[in-house]
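Q: Just passing along the structure, written as structure tokens.
Read-outs throughout are calculated quantities, based only on the coordinates presented, and are distinct from any laboratory measurement. Just so we're clear, the structure is a prediction, and the values are computed from it rather than from any experiment. Here the Cβ positions follow ideal geometry from the backbone for every residue, glycine too, while neighbour counts run over all protein chains shown.
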Amino acid sequence: MLRNNRVVVQSDVSRGDVKVAPELSVRYGVVAQLVAPVLVGDELIAIVSVHDTSRPRDWEESEQEALADAVARVAAVLAV
């Protein structure tokens, strides 16, 4: 999914269709997440993720837009 420039939005990682590394949920307590690829051209060069460790949640559109803004800034810096 990340290589297709898609943001992964998971309200509850235990019920998502994208499998989460057990360390995220067990060790770090990740319950919900947003994960976005950072692409320069067509090359995946990084991943930016935001996690909620308190509860399942429906991610707001504004939160997803904030992630997209952050990804664009990271890509611009790394493309230099």
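Q: In deg cm²/dmol, rounded to 500, what helix-only [θ] at 222 nm does the chain give when every DSSP H run of at least 4 residues adds -39500 (n - 2.57) and the total is split over its residues?
A: After summing the helix terms and dividing by the residues of the chain, the value is -9000 deg cm²/dmol.
Q: Just to confirm the filter: which GluC sites (Glu not before Pro) across segment 48-80 are DSSP coil and have at most 10 other Cβ within 10 angstrom of their Cβ?
A: Qualifying residues, ordered by number: E60.
Q: If you take every residue apart from V50 with its C-beta less than 13 Å away from the C-beta of V50, what net charge results, scoring Lys and Arg +1 and Asp and Glu -1?
A: -4
Q: Using the Cα centre of segment 2-78 as origin and beta-carbon charges of +1 (Lys, Arg) and -1 (Asp, Glu), tell me which of V20, I45, V71 is placed farthest towards the positive end of the dipole.
A: Positive-most Cα among the choices belongs to V20.
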